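Remarks on the structure that follows.
The values are calculated or read from the model by the stated rules, or taken from the named source; none is laboratory data. Note that the coordinates shown come from a computational prediction; the quantities given were computed from them, not determined experimentally. Reconstructed Cβ throughout: ideal geometry from the backbone, glycine too, with neighbour counts over all protein chains shown. Please note that ligands, DNA and RNA were not included when accessible areas were found on the heavy atoms of the full protein model with its side chains. Shrake-Rupley method; radii C 1.70, N 1.55, O 1.52, S 1.80 Å.
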Amino acid sequence: MARLKVHQDKIDDPEALVAVCPFGSMSVKDGNVVIDDSCRMCLNCVNTGPKGAVEFIVEKKKKPLKKERWQGVAVYVAQVDGEIHPVTYELIGKAKELAGKLHQPVYALLIGSQVQAAAKELQHYGIDKIFVYDDPKLARFAIEPYTAVFERFIKQNKPNSILVGATTVGRQLAPRVAARMRTGLTADTTILDMDAKSTDLSQIRPAFGGNIIAHIVTPNNRPQMATVRYKVMDAAPRQEEISGEIVEKKINEKKLVSNEKIIDIIPKPAEQSIESADVLVAAGRGVKSKAELDQLKELANLLGGQLAGTRPLVENGWIDVRQQIGLSGRTVRPKLIICVGISGAIQFIAGMDNADNIVAINNDPKATIFKSAHYCLVGDQSDIIPQLIADIKARKGE
Amino acid sequence: MNILVCIKQVPGSSEVKVDPDTGLLIRDGDNVKMNPYDLFALETALRLKKEKGGEITVLSMGPQAAKAVIEEAFAMGADHGALLSDRRFGGADVLATSYALSQGIKALGDFDLILCGKQTTDGDTAQVGPEISEYLEIPAVANVTKIREVTDETMTVEMDMPNQLEVVEVAFPCLLTVEKDIYQPRLPSYVLKKATADRKIPIYSLDDMDDQDENNYGLSGSPTQVKKIFPPETNTTQTMLEGTAEEQAKKLTTTLADLKLI
C-alpha cells in the first residue's frame, strides 16, 4: 500500500504547500495540512513542496518483476474483413524504432478469418514474426474470443510492449486484455519512447482535455500496453522484398465461446473522412453566417480538401459531428490546415497540431490559435477569404 | 430488469487553465458536474426501465462531494445510488479504478445490465467500461448507438463501426458503453429532486469490498505511474503575414504555392 504522510513540523507555510496541489486535495485544518480523498497521488506535493514535508511511503513491496523475460514489441493488426487499417503500419513504424533500441524483435498479432493475404502483405514491412490466429469463429470482432486469443498470444510470447491502434475495435479490446493481464494501458498516446536500460516504455499523452501533458510509465508490470490514434505516428515504408516469418497458430475451440452473436452487418454510406484529407479548412465560432461557411467550403474544394470545424459548429448544426476536429472529435494530420475564426482551445489544438502546415486567420491578435500556427493572418476573415479564393483561382488559371 | 449505471463527477469547464510558471492546473474546485457522456447512459437506463420495469442503481467513485452527481441522477429518475469513497482508492489509474468499481458493483448486488458512458471528459480514456466487464467476466459491447430489442435473456444493439453498423445480440448479464446521442437526456426534475432530497446515499469503503487487499486499489493497484506532468508546447517557428486583406491573401497564396499546396 502506498500512501502520503504529511510531516507538519517540516512545513513553514501551510498555505503555500496547499497551493502546490493541482487537484485541490490539500487543505489546512486546525493549523495542520490534511489530504482528502480526492488525492490522485500525482506526488506533486512530494516533488515540488517543501523538502520532506510530504513523504511518499510504499509499505509493501511486490515481488520484483523479471523484466528480462519480456522481450519484443508487438503490434495488434487492426483489420476488418481482411482489410488492414493503416494505423497498423504507423504502429509498425514505431514498434521497429522501439524494438531497435532494445535489440529485440517486432511482432504482429493478426486475428481473423481468411486473413492469409493480410499476413502476406505484412511481410513487406520488416516485421520479425507475424502470428496469425485464423478461424471462422474469429471472422468478426467479438470481445470474448478476441480477448482469449490475445491472452494466449501474450502468455506464449511475453512481449515487452504491445501497441494497439485506437480504432473502434482497439479501444474495446485493449482495455479488456490489459485488465485480464492486470497490466497498465495508456490511452491515445502521442509520443512513445523506449528506455533501453530499464526497458520501460515512456508514454506521453494529453490529459485533462489536453491542458496538461502526462508522461506515464508502467515500471512494474509487463506487458506495457498503449493505444495510439490514427495519423499520430509515421508509417513504416512498404518494402518490395519480403521479410519475416508467418507463424500460424491454432487455438482451442473452447476458448472461442462468445456470448455475443452478430446478427447483421449494415454497410454505411462511404463517408469522406476528414482524417484522410491532405488539406482541411477548419471553421470556428468566428464564422458568423452560413454564407461564410459556404465560402470556406469553396476554398476547401479549390485546394482539393475538405471542410472541418470545431465543436460549437457541430452543436449548432452547421457541420456534421464527423467533421469535428479535437479531443472529442477526430485527430487529423493533413499537409495543410487553414483555421478560420478559431480561438484555439486546447481541445481543438490537440486534434490537429501534428499538421505539417498550420495557417490561422483570426481578427483577435491574442487568439491562442496563433501560438500553434506556422502562418498567422490577423484580420477579418470576411475580407481575406474572398480575396484568397480569387487569388487561388487566378493562380490555377480558372 | 436490474440496471446499474456508472457515473462520474468531472470538472465543470473543459477549459481548465494551466499556470505557465508552475505547470500546475488552476482548478475551480466548486465548478463540477456529471460527466456529460454519462447522461446518455443514464437516459438509456431510464428508457429501458420504462419499457421493461426494474430498478436503476447509479454508482460513482470519488470524494464525498461526488454525492452531488448521484443526487442529480435521483432527480432524473434513478432509484438507488452508492458512492465508493476511501483514501485508499486515491491515485487509481484505469486498472485500479475499474477494479474498485467492479468490486463495488459486486457488493451492490446482481445486475442484468451495466451501462457506461463512452468516456469521461477529464480522463478521456474510454477504457474503464471495458475493463469493468473483464473483472465482472461478462460480455461487453461498446459504441452502442441504438437498442433494437430486449428479451428476457438477451438484448440486440447496434454497434457503430467506421464503415458499418454491426447488429449484435448479447446475452445478459452484459455491459454496454453507449454513444452520445443514443437518446436525448432528460433534464433533472424539480419534483423528483424534492422527493428524493432525503434519500440516503451509502458510502462504500475498502472495508465493504469482497477483496480487501489494499494492494489492489488506489496507487498501489495502479500499474501505470505518472512520471511528470507539464503544459503543452507551443509552436516556435512562425511567419506573420501582414498588410491589408488583399496583401495578406496574396502572401498566403504565394506561400501555399511555394509549399506545392496549390
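For the range A:249-274 versus the range A:81-131, the inter-centroid distance based on Cα atoms is 20 Å. Scanning chain A for long hydrophobic helices, with DSSP H runs required to stretch 24 angstrom or more by C-alpha along their axis and to average at least 0.0 on the Kyte-Doolittle scale, returns nothing. Between amide H atoms placed 1.01 Å from N, distances below 5 Å from B:Lys227 occur with A:His215, A:Ile216, A:Val217, all of them 5 or more places distant or on a separate chain. Close amide-amide hydrogen proximity is noted between A:Gln224 and A:Ser161, A:Ile162, each under 5 Å apart and 5 or more residues distant or on a separate chain (H modeled in the peptide plane; Pro and chain starts excluded). Would you mind classifying the protein assembly as shown by shape? Square roots of the alpha carbon gyration tensor eigenvalues, ordered a ≥ b ≥ c; an a/c under 1.5 is rounded, otherwise it is prolate if a/b is larger than b/c and oblate if not. Rounded, because the longest to shortest axis ratio a/c is under 1.5. Only helical runs count toward this figure. For chain A, summing -39,500 (n - 2.57) over DSSP H runs of n ≥ 4 and dividing by all residues gives -7500 deg cm²/dmol at 222 nm. For chain A, relative contact order (Cα pairs under 8 Å, six or more residues apart, normalised by length) works out to 12 percent. Note on the range A:142-197 and the range B:233-262: Cα centroid distance 43 Å, given to the nearest whole angstrom. Which value in deg cm²/dmol, rounded to the nearest 500, describes the helix-derived mean residue ellipticity at 222 nm for chain B, given -39,500 (n - 2.57) per DSSP H run of n ≥ 4 and division by the residue count? So the helix-based figure for chain B works out to -8500 deg cm²/dmol. The separation of the range B:44-113 from the range B:126-146, counted between C-alpha centres, amounts to 15 Å. Ordered by solvent-accessible area of protein heavy atoms (1.4 Å probe), largest first, the residues A:Ile262, B:Ile70 come out as A:Ile262, B:Ile70.
Across chain B, C-alpha contacts under 8 Å between residues 6 or more apart give a mean separation that, scaled by the residue count, equals a relative contact order of 23 percent. Per residue, the protein assembly as shown exposes 43 Å² of accessible surface when a 1.4 Å probe is rolled over the protein heavy atoms with every protein chain present. For A:Lys155, the lysines whose Cα falls under 22 Å of its own Cα, not counting residues fewer than eight places away in the same chain, are A:Lys62, A:Lys63, A:Lys66, A:Lys67, A:Lys96, A:Lys129, A:Lys137, A:Lys249, A:Lys250, A:Lys254, A:Lys255. Here the Gaussian network model covers chain A, with springs between Cα atoms less than 10 Å apart; of A:Ala78, A:Ala166, A:Ala139, A:Ala139 fluctuates the most. For the range A:351-364, backbone phi angles converted through the Karplus equation (6.51, -1.76, 1.60; θ = phi - 60°) give residue-by-residue couplings of x, 9, 6, 8, 4, 5, 9, 10, 10, 10, 10, 7, 7, 9 Hz, Gly and Pro being listed as x. Remark on the range A:101-215: ratio of C-alpha radius of gyration to 2.2 N^0.38 Å is 1.15. Distances between placed amide hydrogens fall under 5 Å for A:Ser202 paired with A:Asp193, A:Met194, A:Asp195, all partners being 5 or more residues away or on another chain.
In terms of its alpha-carbon gyration tensor, the range B:48-199 comes out oblate; a/c meets the 1.5 threshold, while b/c is at least as large as a/b.
Among B:Gly90, B:Gly109, B:Gly62, whose mean-square fluctuation peaks in a Gaussian network model of chain B (Cα, cutoff 10 Å)? Fluctuation is largest for B:Gly109.
For the range A:94-221, the relative contact order comes to 18 percent (Cα pairs under 8 Å, sequence separation of at least 6). Answer rounded, prolate or oblate for the range A:274-395, using the Cα gyration tensor with square roots of eigenvalues a ≥ b ≥ c: rounded when a/c is under 1.5, else prolate when a/b is larger than b/c, else oblate. Note, shape of the range A:274-395 comes out rounded.
Residues within the reach of a label modelled at A:Glu240 (point 7 angstrom out along Cα to beta-carbon, backbone nitrogen below 11 Å), restricted to the range A:82-96: there are none. Computed over protein heavy atoms with a 1.4 Å probe, the carbon and sulfur contribution to the accessible area of the range A:2-58 reaches 48%.
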